[in-house]
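One structure below.
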Amino acid sequence: MFGIPLDDDGTELGPLEPWQAEEFLAHIERGREFIGRHVGLADANRDLESARAFLTAYAQKAATDTGRILGIRTPEGTLVGGVLFRTMDVAQGTAEAGCWLEPAAVGRGLVTRAVRVLIDWAVEERGIHRVEWQVPSANEPSIAVARRLGMTKEGVLREMFRYRGERTDIEVWSVLAPEWRAARAGRAAGSDRRGTGPEPVDAAPVSA
């Protein structure tokens, strides 16, 4: 199986497919309470059948070029999180990104680096012009990721999302392809001058 390195220790971003449903469910079980604080990923994957259905839905999105899902794995191969395009409209050049992590993987900058890989691919390979990030206002770590990605806060959808019986505000952040390319060039120039340096603390889950 192929993987894209996320750090020098061997952590990789790679495919997450229906045949891996058992591994995916075990990962969700390890982080169920943490992952489920703000988004429905944990609730949507309660057993092997629902986990396989969830990954199958994303396999179908990949086949129709309307979404993607990738897993983050440790050097030992353990699945600890992932990133996704919940929606992707190539004709319109838009996509909505999301992520999640189990607690053991928090604090290493993995989400920031993984989403950068995903957005780089979308912008350069699929011609995506606008990447959106929707996040509950209470999910401060995820909002911090949006800022690190160079996204702009566009507004708040008041009480837009009903989750576990309560309505919550959803913040909408986005980055446009020209902004993304400029920020990437700036990061590259900064790395040349200062070295890569440590990544900031990573986020709790975003949308799934």
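The values are calculated or read from the model by the stated rules, or taken from the named source; none is laboratory data. Note that the structure is a prediction, hence the values are computed from the model and not measured. Here the Cβ positions follow ideal geometry from the backbone for every residue, glycine too, while neighbour counts run over all protein chains shown. Areas reflect the complete protein model, heavy atoms only, side chains present, ligands, DNA and RNA absent. Shrake-Rupley method; radii C 1.70, N 1.55, O 1.52, S 1.80 Å.
See the values below:
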{"item": "For the range 77-91, 3J(HN,Hα) per residue [Karplus equation, 6.51 cos²θ - 1.76 cosθ + 1.60, θ = phi - 60°, Hz, x = Gly/Pro]", "result": "x, 6, 6, 10, x, x, 9, 7, 9, 5, 9, 8, 10, 5, 4"}
{"item": "Largest-first principal axis extents, alpha carbons of the chain, Å", "result": "48, 42, 33"}
{"item": "Solvent-accessible surface (1.4 angstrom probe) belonging to Asp43, in square angstrom, nearest 10", "result": "60"}
{"item": "Accessible-area ranking of Trp173, Trp19, largest first, probe 1.4 Å", "result": "Trp19, Trp173"}
{"item": "Exposure ranking of Arg147, Arg184, Arg158 by accessible area [1.4 Å probe, largest first]", "result": "Arg158, Arg147, Arg184"}
{"item": "Phe2, Phe161, reordered so the largest accessible area comes first (probe 1.4 Å)", "result": "Phe2, Phe161"}
{"item": "Two-decimal Rg/Rh across the range 33-86, once Rg and the Kirkwood Rh are taken from alpha-carbon atoms", "result": "0.98"}
{"item": "Radius of gyration, Dmax [the range 18-134; alpha carbons; angstrom]", "result": "14.0, 39"}
{"item": "With all protein chains modelled, accessible area of Trp121 [1.4 Å, Å²]", "result": "80"}
{"item": "Centroid-to-centroid separation of the range 139-173 and the range 1-48 [C-alpha atoms, Å]", "result": "22"}
{"item": "Lys, Arg +1 and Asp, Glu -1 on Cβ, resulting dipole of the range 110-158 about Cα centre, debye, nearest 20", "result": "140"}
{"item": "Built amide H within the under 5 Å cut-off of Gly40, gap 5+", "result": "Ala208"}
{"item": "Placed amide H near Phe161: partners under 5 Å, 5+ positions off or other chain", "result": "Thr168, Ile170"}
{"item": "Per-residue SASA entry for Asp89, accessible area with 1.4 Å probe, Å² rounded to 10", "result": "60"}
